[in-house]
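First up is the structure itself, then whatever we jot down about it.
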Amino acid sequence: MRAALTLTLAALVTLASLLLVLSRDAPQHTSLEPPLPKIRLAPQFALTSQDGAPVTLADFRGKVVAVTFIFTMCTATCPVLTPMMSFVQDQLGADFGAKIAFVSITVDPERDTPDVLKEYAQAFGANLTGWSFLTGAPATIRDVTRRYGVYTSKSDNGDVEHTFLTSIVDPRGTLRVQYLGVRFDPEEFRRDLLSLLKE
């Protein structure tokens, strides 16, 4: 009995020591983290929503905005990126829509009409009170993608190759951070969005 108790105590001490080491080694996210850099004023846009309504970047002034580029026929990374953003949308709770907005701009405006974008949004559980899916004239879309630093190329069969870039714009309209690809950490993304509400 005493031997078992001694082993149990030893195991608890070992476990506590291990947890202490792990907690020291784990990255600490505190309010002392440096603020996100200020890159430049975010490129403006005037496009059309999934509901057929005109939408500009200025409409989101006072909110933190995540801007990304997608197309509904994509079978590669868009079906990964959009669910990740939908997951973060749900984690933001009451701040989503009221203080934080998502904007997904198509790079395939010939096929992505407002109705098509609305179906796509619903398929991925997008909360349209805070998430806009935008399209526009091809020349306008090309201009917006270029100014955000997104490369696009359409193949003969209609597929679109494009840079997967997600940009965060602060409530004053300043571009603060850009994530390249779909492999950004959703928790880091959520934390960055919330950090800009505290400035």
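The values are calculated or read from the model by the stated rules, or taken from the named source; none is laboratory data. No experiment lies behind these values; they were computed from the predicted model shown. Neighbour counts run over all protein chains shown; Cβ positions are idealised from the backbone, glycine included. Surface areas here come from the heavy atoms of the whole protein model, side chains and all, with no ligands, DNA or RNA. Shrake-Rupley method; radii C 1.70, N 1.55, O 1.52, S 1.80 Å.
Can you give me the number of residues within the stretch 48-85 that are in contact (Cβ under 8 Å) with a residue 40 or more places away in the chain, open to solvent by 30 Å² or more (accessible area, probe 1.4 Å) and within 25 Å of Leu36 (Cβ to Cβ)?
Qualifying residue count, the stretch 48-85: 8.
Quick check: is even one residue across the stretch 165-180 touching an Asp or Glu at 6+ places or on another chain (Cβ under 9 Å), at pLDDT below 95, within 30 Å of Glu33 (Cβ to Cβ) and not charged (D, E, K, R)?
Within the stretch 165-180, one or more residues are touching an Asp or Glu at 6+ places or on another chain (Cβ under 9 Å), at pLDDT below 95, within 30 Å of Glu33 (Cβ to Cβ) and not charged (D, E, K, R).
Between Ala121, Ala139, Ala101, Ala126, which is modelled with pLDDT of 95 or more and in contact with a Lys or Arg (Cβ under 7 Å, 6 or more places away or on another chain)? Outline the logic, then answer.
Working: Ala121 fails: in contact with a Lys or Arg (Cβ under 7 Å, 6 or more places away or on another chain); Ala139 fails: in contact with a Lys or Arg (Cβ under 7 Å, 6 or more places away or on another chain); Ala126 fails: in contact with a Lys or Arg (Cβ under 7 Å, 6 or more places away or on another chain).
That would be Ala101, the only listed residue that is modelled with pLDDT of 95 or more and in contact with a Lys or Arg (Cβ under 7 Å, 6 or more places away or on another chain).
Applying the selection to the stretch 39-64, what residues are among the β-branched types (Val, Ile, Thr) and touching a Gly at 6+ places or on another chain (Cβ under 8 Å)?
Thr48
Any residue in the stretch 147-165 that's free of Cβ contacts under 8 Å to residues at least 12 places away in the same chain and part of a loop (DSSP other than H, G, I, E, B): show its pairings with residues that are of a type in the set (Asp, Glu) and open to solvent by 20 Å² or more (accessible area, probe 1.4 Å) at Cβ separation under 9 Å, as long as the two are six or more apart or on different chains.
Between residues of the stretch 147-165 that are free of Cβ contacts under 8 Å to residues at least 12 places away in the same chain and part of a loop (DSSP other than H, G, I, E, B) and residues that are of a type in the set (Asp, Glu) and open to solvent by 20 Å² or more (accessible area, probe 1.4 Å), the close pairs are Ser155/Glu161.
For the stretch 105-123, which residues satisfy the criterion of being touching a Ser or Thr at 6+ places or on another chain (Cβ under 7 Å) and over 10 Å from Thr72 (Cβ atoms)?
Answer for the stretch 105-123, where residues must be touching a Ser or Thr at 6+ places or on another chain (Cβ under 7 Å) and over 10 Å from Thr72 (Cβ atoms): Val107, Pro109, Pro114.
With the structure loaded, tell me whether Asp25 is modelled with pLDDT of 85 or more, open to solvent by 80 Å² or more (accessible area, probe 1.4 Å) and not hydrophobic (A, V, I, L, M, F, W, C) or whether it fails that test. Walk me through it before giving the result.
Details: modelled with pLDDT of 85 or more: no; open to solvent by 80 Å² or more (accessible area, probe 1.4 Å): yes; not hydrophobic (A, V, I, L, M, F, W, C): yes.
Spelling it out, it is not the case that Asp25 is modelled with pLDDT of 85 or more, open to solvent by 80 Å² or more (accessible area, probe 1.4 Å) and not hydrophobic (A, V, I, L, M, F, W, C).
Can you tell me which residue within the stretch 86-114, out of those that are free of Cβ contacts under 8 Å to residues at least 40 places away in the same chain and assigned to a helix (DSSP H, G or I), is most open to solvent (accessible area, probe 1.4 Å)?
Quick first cut of the stretch 86-114, residues free of Cβ contacts under 8 Å to residues at least 40 places away in the same chain only: 90, 93-94, 96-98, 102, 104, 106, 109-110, 113.
Filter once more, keeping what is assigned to a helix (DSSP H, G or I): 90, 96-98.
Values: Asp90: 101, Phe96: 16, Gly97: 12, Ala98: 67 Å².
My answer is Asp90.
Are any residues in the stretch 142-173 within 16 Å of the chain's Cα centre (by Cα), within 27 Å of Gly62 (Cβ to Cβ) and polar (S, T, N, Q), and if so, which ones?
Thr166, Ser167
Determine whether Arg172 is touching a residue at least 60 places away in the same chain (Cβ under 8 Å), open to solvent by less than 40 Å² (accessible area, probe 1.4 Å) and within 22 Å of Phe45 (Cα to Cα). I'd like the intermediate steps shown before the answer.
Numbers: touching a residue at least 60 places away in the same chain (Cβ under 8 Å): yes; open to solvent by less than 40 Å² (accessible area, probe 1.4 Å): no; within 22 Å of Phe45 (Cα to Cα): yes.
Against the criterion (touching a residue at least 60 places away in the same chain (Cβ under 8 Å), open to solvent by less than 40 Å² (accessible area, probe 1.4 Å) and within 22 Å of Phe45 (Cα to Cα)), Arg172 does not qualify.
Residues of the stretch 158-172 being aliphatic (A, V, I, L, M) and under 15 Å from Asp112 (Cα atoms), which ones? Full working, then the answer.
Pass one, the stretch 158-172, residues aliphatic (A, V, I, L, M): 160, 165, 168-169.
Within the stretch 158-172, just Val160 meets the criteria.
Taking the residues in the stretch 120-142 that are open to solvent by less than 50 Å² (accessible area, probe 1.4 Å) and in a loop (DSSP other than H, G, I, E, B) as candidates, determine which candidate is farthest from Gly93 (Cα to Cα).
Checking each candidate, the answer is Gly136.
So that you can scan it fast, the table gives a plain yes or no per residue for (1) over 13 Å from Asp108 (Cα atoms); (2) exposed (fewer than 15 other Cβ atoms within 10 Å of the Cβ); (3) out of contact with any Cys (no Cβ under 7 Å at 6 or more places or on another chain):
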site: Val144; (1), (2), (3): no, no, yes
site: Tyr148; (1), (2), (3): yes, no, yes
site: Ser153; (1), (2), (3): no, yes, yes
site: Ile168; (1), (2), (3): yes, no, yes
site: Arg176; (1), (2), (3): yes, no, yes
site: Leu180; (1), (2), (3): yes, yes, yes
site: Asp185; (1), (2), (3): yes, yes, yes
site: Arg190; (1), (2), (3): yes, no, yes
site: Ser195; (1), (2), (3): yes, no, yes
